[in-house]
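Worksheet for the structure shown next.
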Amino acid sequence: MATKKPLKIAIVAGEESGDLLGADIVASLKRATGREVRLVGIGGRHLQALGLTPLFDGGEIALMGLSAILRDLPRLMRRISQTADAVAGEKPDCLITIDSPDFSLRVAKKVRAADTAIPIIHYVCPSVWAWRPGRAEAMKPYVDHILCILPFEVKELARLGGPPGTYVGHRLTHDPGVLGAAKAQSLPRDLPEDRVKTLLVLPGSRRGEVRRLVGPFGKTISILRARGHRLRLLLPTVPHVADLVRASVASWDEKPEIILDTERKWQAFGKADAALIASGTVSLELALSGVPMISCYRLDPVMRIAQRLITVWSAALPNLIADRPIVPESYNEYVRPHYLARQLEALFSDTPYRAWQKDGFAEVARRMAVDKPSGDIAAGVVIRYIQRVSSE
């Protein structure tokens with residue numbers, strides 16, 4: 001019996017999260033086709049464990065923010081050309097670019113110009129629904145399909161004239177930590193006024209976020225204490241801002257318990273009565289865990305200038321997914337401690353405000369549910385495009 005020809009997949013993944021998504025697709029491709037998968041391109045330890053020898057360290061393209069991109073632009077442009085030339089030269093069955101759009105989509109565009117026969121699929125829709133919507137239509141000539149991790153993105157791509165999309169689900173919906181926290185939050189709990197309230201404090205994972213929000217968050221906690229609340233503060237954070245967080249909270253009236261361990265983070269989510277957070281993906285983690293929250297953000301000076309380009313009606317992902325206000329948001333000069341304290345008070349007790357959020361979080365979970373693992377759905381799209389090319 002003839003041995004099936006190996007699939008050759010080109011992949012571009014810079015971030016750790018993208019490396020995980022890529023590894024899921026590759027594993028699903030192997031199962032679905034029964035074929036060996038040979039990898040070329042860029043990826044981290046998870047893809048390397050599946051046989052990828054990266055062209056260079058994927059950390060080089062894992063940049064955050066406009067200033068970082070501008071600073072490293074000459075090197076990035078060289079890496080873009082190097083990657084595109086290598087991919088086109090390998091003539092893979094498919095190119096999968098994952099997240100990092102400022103890098104990966106430029107690679108995709110060059111590969112399409114070099115060889116129109118290579119199917120190109122991008123994983124994680126750029127936030128065209130939030131700002132610079134023209135990017136959707138601009139992708140259409142060189143991206144054949146987009147694998148979306150938020151359920152509303154498929155319709156948004158169609159509305160904006162972008163490539164077709166498929167909702168494949170989000171890793172958080174089947175994350176063991178989220179599921180464990182959600183189970184703990186679903187248990188009945190007594191909420192008397194005089195009990196100690198467990199408050200999650202999440203001032204952000206970037207240094208600028210922490211600096212802009214830790215002051216107002218500390219004042220909010222002082223106000224809650226002055227209004228008679230007994231608090232237990234839990235502050236999960238990440239290693240690269242941990243020292244800044246410790247220094248910033250040293251002057252707080254109530255010292256938080258700083259948590260770096262991932263398992264303890266999810267345990268804290270399960271125990272929390274409410275959360276005070278910096279806007280970001282953590283809002284989705286909390287929503288799927290069932291933790292009521294108040295979301296805040298303060299833009300840096302550059303983004304304040306650019307904020308007129310933002311077209312989305314909310315910055316909170318649970319609100320966008322449910323298509324209705326669930327999570328209250330305070331931004332810029334409206335991040336006011338006296339207001340935040342009173343909002344949190346309304347979440348500490350068994351109030352209609354708390355019930356509204358809990359009901360909204362259940363709707364978010366329903367809308368995000370998928371009937372198969374994300375990697376399997378994504379692999380199905382990749383196989384369809386490979387078969388389409390081979391039949392032509």
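The values are calculated or read from the model by the stated rules, or taken from the named source; none is laboratory data. Since the structure is predicted, the reported quantities are computational estimates derived from the model, not experimental observations. Using ideal geometry, Cβ is built from the backbone for each residue, glycine included, and neighbour counts are taken over all protein chains shown. Surface areas here come from the heavy atoms of the whole protein model, side chains and all, with no ligands, DNA or RNA. Shrake-Rupley method; radii C 1.70, N 1.55, O 1.52, S 1.80 Å.
Conditions tested, residue by residue: (1) open to solvent by 50 Å² or more (accessible area, probe 1.4 Å); (2) within 23 Å of ALA346 (Cα to Cα); (3) in contact with a Pro (Cβ under 8 Å, 6 or more places away or on another chain); (4) in contact (Cβ under 8 Å) with a residue 60 or more places away in the chain.
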site: PRO192; (1), (2), (3), (4): no, yes, no, no
site: THR198; (1), (2), (3), (4): no, yes, no, yes
site: ARG206; (1), (2), (3), (4): yes, no, no, yes
site: LYS219; (1), (2), (3), (4): yes, yes, yes, yes
site: LEU231; (1), (2), (3), (4): no, yes, no, no
site: LEU244; (1), (2), (3), (4): no, no, no, no
site: VAL249; (1), (2), (3), (4): no, no, yes, no
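For segment 86-145, a tally of residues being within 15 Å of GLY41 (Cα to Cα), in a loop (DSSP other than H, G, I, E, B) and among the hydroxyl-bearing types (Ser, Thr, Tyr) returns 1.
In the set LEU150, LEU172, LEU179, which member is open to solvent by 40 Å² or more (accessible area, probe 1.4 Å) and either within 30 Å of PHE269 (Cα to Cα) or more than 16 Å from the chain's Cα centre (by Cα) (or both)?
Exactly one residue qualifies, and that residue is LEU179.
Only one of GLU209, GLU137, GLU193 is modelled with pLDDT of 95 or more and among the acidic types (Asp, Glu). Can you tell me which? Result: GLU137 is the single residue among GLU209, GLU137, GLU193 that is modelled with pLDDT of 95 or more and among the acidic types (Asp, Glu).
Screening the candidates LEU260, LEU288 for the property of being within 19 Å of ASP175 (Cα to Cα) and touching an Asp or Glu at 6+ places or on another chain (Cβ under 9 Å) yields one hit, LEU288. Of all residue pairs spaced 6 or more apart or on separate chains, those with beta-carbon atoms under 6 Å, a first member in segment 379-390 that is touching a residue at least 60 places away in the same chain (Cβ under 8 Å) and aliphatic (A, V, I, L, M) and a second member that is open to solvent by 60 Å² or more (accessible area, probe 1.4 Å) and in a helix (DSSP H, G or I) are ALA379/ALA32.
Answer with yes or no whether PHE348 is over 20 Å from the mean Cα position of the chain (by Cα) and aromatic (Phe, Trp, Tyr).
Yes, satisfied.
Filtered by the rule that a residue be in a loop (DSSP other than H, G, I, E, B) and either open to solvent by less than 10 Å² (accessible area, probe 1.4 Å) or of a type in the set (A, V, I, L, M) (or both), segment 1-24 gives MET1, ALA2. Quick check on LYS265: is it under 15 Å from SER289 (Cα atoms) and in contact (Cβ under 8 Å) with a residue 24 or more places away in the chain? Taking the combined requirement at face value, the residue satisfies it. For beta carbons closer than 9 Å, sequence separation of 6+ or different chains, a first residue in segment 88-101 that is without any contact (Cβ under 8 Å) to a residue 12 or more places away in the chain and a second that is of a type outside the set (Val, Ile, Thr) and open to solvent by 20 Å² or more (accessible area, probe 1.4 Å), the qualifying pairs are GLY89/ALA114.
Every residue, every condition in (1) among the polar types (S, T, N, Q); (2) buried (at least 22 other Cβ atoms within 10 Å of the Cβ); (3) more than 18 Å from LEU320 (Cβ to Cβ); (4) modelled with pLDDT under 95, yes or no:
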residue: LEU276; (1), (2), (3), (4): no, yes, yes, no
residue: GLY280; (1), (2), (3), (4): no, no, no, yes
residue: SER283; (1), (2), (3), (4): yes, yes, no, no
residue: TYR297; (1), (2), (3), (4): no, no, no, yes
residue: VAL302; (1), (2), (3), (4): no, no, yes, yes
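Could you tell me whether PRO325 is open to solvent by 70 Å² or more (accessible area, probe 1.4 Å), touching a Gly at 6+ places or on another chain (Cβ under 9 Å) and modelled with pLDDT of 95 or more? Yes, satisfied.
Provide a single number: the residues in segment 25-58 that are assigned to a helix (DSSP H, G or I) and more than 23 Å from the chain's Cα centre (by Cα).
Qualifying residue count for the region: 5.
Selection of segment 344-368 for residues being open to solvent by 60 Å² or more (accessible area, probe 1.4 Å) and more than 12 Å from VAL327 (Cα to Cα) yields ASP350, PRO352, ARG366, ARG367.
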